[in-house]
2 protein chains.
Amino acid sequence: MTSKKVVELFYDVASPYSWLGFEVICRYRNVWNIDLKFRPAFLGGVMKGSGNKSPAMVQKKVLYMDKDLSRLRDYFNVPMQHPADPIGVIFNKGSLPAMRFLTAVQEREDGNTKVEQVSRELFLRIWNEDKDITEPGSLSEAAVKAGLSESEIKELLELYTSPKMKDKLRSTTQDALDYGAFGFPLLVCHVNSKAEVFFGSDRFELMAHCIGEKWLGPQPEK
Amino acid sequence: MTSKKVVELFYDVASPYSWLGFEVICRYRNVWNIDLKFRPAFLGGVMKGSGNKSPAMVQKKVLYMDKDLSRLRDYFNVPMQHPADPIGVIFNKGSLPAMRFLTAVQEREDGNTKVEQVSRELFLRIWNEDKDITEPGSLSEAAVKAGLSESEIKELLELYTSPKMKDKLRSTTQDALDYGAFGFPLLVCHVNSKAEVFFGSDRFELMAHCIGEKWLGPQPEK
């Protein structure tokens, strides 16, 4: 029996390309021989730590990204909608509370299911329903939809702003920087004791080739 | 009979991702129902005109690009090698004479063959052989390898620095900017009287889907 290849996914719910990458790798988890590790991290910290600037600084990039994301949304079949005020949502409000909350979900969980489901609900809130992801009430709503119990949510709300969770998120973000991140999603594949790093949601075909698996398009089970 | 879809390829030989995109679309020209138009343009003008900055400004991007290009080179089967001094080659020497020369090749040619072959020889000089592409002697060597005659080359060397060719290159570069370019390669697909614009050498699968063709990987005839 071949042991599974470990694939780490670094992502932030504020990043629409993260959502595309997240959904695609979740679909492949059952198709490829991989052990997927979710690494919720803070994109703001990666941008600062790498000295990278948001693509929103170049007007033509923003226009292209709009078009690119709409086409990818349809092709990848991910129900993405632009929030009415993307600058306010991404840059002013930001994703720090949401990523701390996910860090806490992962801390409390013995497994991957809850962090995946709460992540998806947070992606949906920001990139489909245009709802807040910074207030405790918003985080609770996402957790309820993800199927967490009232007592679990209560515990998470006490935990997510603790120094321990802040430190853990910082440390995950630092791990991403140590792998060379300058944006998200970042996929780190551990193959033959080597880490192969892929940036973006547009390297899956190349990644499949590098890890000895087959790319079957964004919807492998269709 | 369905008429062929027109696909314009804007590229600059100083851009390694342009070379990947150039080779892939050349391979698909005979597989897809497309009429490929080469649009040699000046990347420096596009960066300036769009206010975009080179990825070389962010150290982590440079390190990632190195790795990404090596992996893509193998997967795409394009014989790319890093020049010993990439900054000197790309930023200090630049590609303006080479792109003017290609503009002249296209001006003199009734067809696509010569501009394709001379482009490939120039890509090879910079990204495989680490040779100059700014001196008239260098441009001649590329043209000889591409199979152009002595008299054709003599004519091109008289033509390529003329105001007419400078203007033509500027105008092609402006066309790219008008399509929203902030880097190369840029592929513009004319489908149902609409222009669908794709940036980079990593959107071919999506592009195929949008123009009703099939993506068969970077080597469709293998």
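The values are calculated or read from the model by the stated rules, or taken from the named source; none is laboratory data. None of these values were measured; they are calculated from a predicted model. With ideal geometry, Cβ positions are generated from the backbone for all residues, glycine too; neighbour counts draw on all protein chains shown.
Values for this structure:
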quantity	calculated
Residue list for segment A:1-58, filter: at pLDDT below 95 and either charged (D, E, K, R) or part of a strand (DSSP E or B) (or both)	A:K4, A:K5, A:R29, A:K53
Qualifying positions in segment A:115-139 - part of a helix (DSSP H, G or I), within 19 Å of the chain's Cα centre (by Cα) and more than 17 Å from A:M165 (Cα to Cα)	A:E116, A:Q117, A:R120, A:E121, A:L122, A:F123, A:L124, A:R125, A:I126, A:W127, A:S138
The listed residue being among the hydroxyl-bearing types (S, T, Y) and surrounded by 15 or more Cβ atoms within 10 Å (Cβ to Cβ), out of B:S162, B:S119	B:S119
Residues within segment B:74-95 that are free of Cβ contacts under 8 Å to residues at least 60 places away in the same chain and either touching a Ser or Thr at 6+ places or on another chain (Cβ under 8 Å) or of a type in the set (K, R) (or both), tallied	2
So B:T161, is it away from every other protein chain (no Cβ under 14 Å), in a loop (DSSP other than H, G, I, E, B) and β-branched (V, I, T)	yes
Sole residue being touching a residue at least 12 places away in the same chain (Cβ under 8 Å) and surrounded by fewer than 17 Cβ atoms within 10 Å (Cβ to Cβ), chosen from B:K168, B:K194, B:K222, B:K145	B:K145
Selection from segment B:148-158 of residues that are crowded, with 16+ Cβ neighbours inside 10 Å and in a loop (DSSP other than H, G, I, E, B)	B:L148
Qualifying residue in segment B:13-24 (condition: of a type in the set (S, T, Y) and over 18 Å from the mean Cα position of the chain (by Cα))	no
Pick from segment B:171-191, criterion of a type in the set (G, A, S) and under 27 Å from B:P136 (Cβ atoms), ranking: surrounded by the most Cβ atoms within 10 Å (Cβ to Cβ)	B:A176
Subset tally (residues that are of a type in the set (F, W, Y) and closer than 24 Å to A:S201 by Cβ) for segment B:33-68	1
For B:D178: the one exception among (1) farther than 30 Å from A:P218 by Cα; (2) modelled with pLDDT of 95 or more; (3) more than 14 Å from every other protein chain (Cβ to nearest Cβ)	(3)
Residue within segment B:59-76 that is of a type in the set (A, V, I, L, M) and in contact with a Phe, Trp or Tyr (Cβ under 7 Å, 6 or more places away or on another chain) present	no
Pair list, Cβ under 8 Å, 6 or more apart: segment B:14-31 residue within 13 Å of B:M207 (Cβ to Cβ), other residue among the β-branched types (V, I, T)	B:I25/B:V7; B:Y28/B:I34
Residues (over 15 Å from A:E109 (Cβ atoms) and of a type in the set (A, V, I, L, M, F, W, C)) located in segment A:144-159	A:V144, A:L157
Which numbered condition A:R108 fails, given (1) within 14 Å of chain B (Cβ to nearest Cβ); (2) surrounded by fewer than 16 Cβ atoms within 10 Å (Cβ to Cβ); (3) among the charged types (D, E, K, R)	(1)
Identity of the residue in segment A:48-104, of a type in the set (S, T, Y), crowded, with 20+ Cβ neighbours inside 10 Å and under 22 Å from A:T173 (Cα atoms), that ends up nearest to the other protein chains (Cβ to nearest Cβ)	A:S95
Hey, A:D12 under 30 Å from B:H209 (Cα atoms) and within 14 Å of chain B (Cβ to nearest Cβ) or not	no
